[in-house]
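The values are calculated or read from the model by the stated rules, or taken from the named source; none is laboratory data. On a predicted model such as this, the values are computed, not experimentally measured, just so you know. For neighbour counting, all protein chains shown are included, and Cβ atoms are generated from backbone atoms with ideal geometry for every residue, glycine included.
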Amino acid sequence: MSENQAKSNLVKSTVKTCRDGFDRHHHMVTPVAEYSGIGWFLVTFGITTRPSKIKYTCRKCNEVIEESSSKEDLDNNT
């Protein structure tokens, strides 16, 4: 096995996937925002607010692959 193949296998083994084999970047995985109580209040009235957490959910098997509260993920899913 070459060095490049070993590195790609290591990356593949550390990526979280659902039982269908989809990771968080696959088109069948949807980011679902979770809001705090005040956040839900604001969203109800149509005011855009930043979520408190993002859950990446597979649309086929409905399994939650990952949860993230990093600044980059929250900003991308506002």
Taking the range 21-78 and keeping residues among the aliphatic types (A, V, I, L, M) and in a helix (DSSP H, G or I) leaves ILE38, LEU42, VAL43, LEU74
Pairs returned, first residue in the range 46-72 that is within 14 Å of HIS25 (Cα to Cα) and modelled with pLDDT under 95, second residue that is of a type in the set (Phe, Trp, Tyr) and in a strand (DSSP E or B), beta-carbon separation under 6 angstrom, 6 or more apart or interchain, are ILE65/TYR56; GLU66/TYR56
**OP:** Evaluate the following for GLY39: is it surrounded by 10 or more Cβ atoms within 10 Å (Cβ to Cβ), more than 18 Å from the chain's Cα centre (by Cα) and at pLDDT 90 or above?
**Re:** yes
